[in-house]
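This report refers to the structure that appears directly beneath it.
Values in this text are rule-based calculations from the coordinates and carry no lab data. None of the values given here were measured: they were computed from a predicted structure. Methodologically, a virtual Cβ is constructed for each residue, glycine included, from the backbone with ideal geometry; neighbour enumeration extends over all protein chains shown.
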Amino acid sequence: MEKIITQDILFIGTCIFIGAIAVFFIHWLLNRSPLSRWFVASEDIVASFISVPAFLFGLTVSTFTANIIENHNIAKTSLLNEVSSVRTLLRISKTLPAEDQAKLTTAIDDYVNSIIKIEWPLMTEGKINDFNNSMPLDNLSTVSESISSKNYGNHATGPRIESAIQSLHRERLERLFLANEVGSFAKSPSIFTLSLLMLLTIGLLQLRKPQAMKIALTMGTLCIGSSMVFIFLNISPYHGPISIQPSILEKAIKY
């Protein structure tokens, strides 16, 4: 499992703190506040009302989960396309004269190493905006264009090189876009609002049993908090317990 970074610890700690505050606040609101009598008098509506926030919360969580699965599938496809393009360039390099072969393989190695050692760790931490250096890919593009412009008796070499380079540019942009998903969940107010409404309705179901209310609120907070932490940890396909790793890209240049 990938290491937990600072923003994960902060989010989990914030969830625990907010959850504890929510439990105490709702328990106080329903039992000791000036509005507690009004809630008791209105408890007949609780059974029908609880389905509304429960449905909306479930819908919101399922939407985030579906987005996580979709982004992971896109990221896997993108990585495989990137590996395929690198392998295509390596195969082409073997058909070139020694000088051009050396230039192309060196440019490919530099590009792949920059992804694995610099770009991917920043993607993992959601700090990809700190890395605006596209020089390795630009250098690979320059070398490839220089080679494709030459005629080695195989007219298919140039188009194959150009197609592979275009694929690398496209897949890199895809990676950077998906990496920026880190933190988008924490900025969404809907799931936090619905979580509070869920806890409120759980408390309303135990209006006449204060002790049972504490247990129900605590269990509800743990269930809601677990869902939110799981979504947050995996919102980016490049970070979290089910994150995508670049090992296959590293292996591509070793064969």
Any helix of the chain counts here only if DSSP assigns it H throughout, its Cα atoms span 30 Å or more along the axis, and its mean Kyte-Doolittle hydropathy is at least 0.5, and such helices are 6-31, 51-93, 210-234
Given backbone amide H placed at 1.01 Å from N, residues whose amide H is under 5 Å from that of residue 238, ignoring those fewer than 5 places away on the same chain, are 244
Label model pair residue 28, residue 12: point-to-point distance (7 angstrom along the Cα→beta-carbon line) in nm is 2.8 nm
Partner lysines whose C-alpha sits under 26 Å from that of residue 103, ignoring same-chain residues fewer than 8 away, are 94, 117, 150, 251, 254
In nanometres, the difference between 0.36 nm per residue of separation and the alpha-carbon distance of residue 193 and residue 20 is 60.7 nm
For 104-117, 210-223, 229-242, ranked highest to lowest by mean beta-carbon neighbours within 10 Å, the order is 229-242, 104-117, 210-223
When the charge dipole of the chain is computed with +1 at the Cβ of Lys and Arg and -1 at the Cβ of Asp and Glu, the Cα pointing farthest to the positive end, of 122, 105, 142, is that of 122
Subtracting the Cα-Cα distance of residue 245 and residue 106 from 0.36 nm times their residue separation yields 47.8 nm
Residue 170 and residue 113 label points (each 7 Å along its Cα→Cβ direction) are spaced in nm at 2.9 nm
Taking R0 as 30 Å and r as the Cβ-Cβ distance between residue 54 and residue 180, the FRET efficiency 1/(1 + (r/R0)^6), rounded to the nearest 0.05, comes to 0.40
Across 38, 28, 120, the residue with the highest GNM fluctuation in the chain (Cα network, 10 Å cutoff) is 38
For the chain, the Cα gyration tensor yields equivalent-ellipsoid semi-axes (√(5λ), largest first, whole Å) of 56, 15, 12
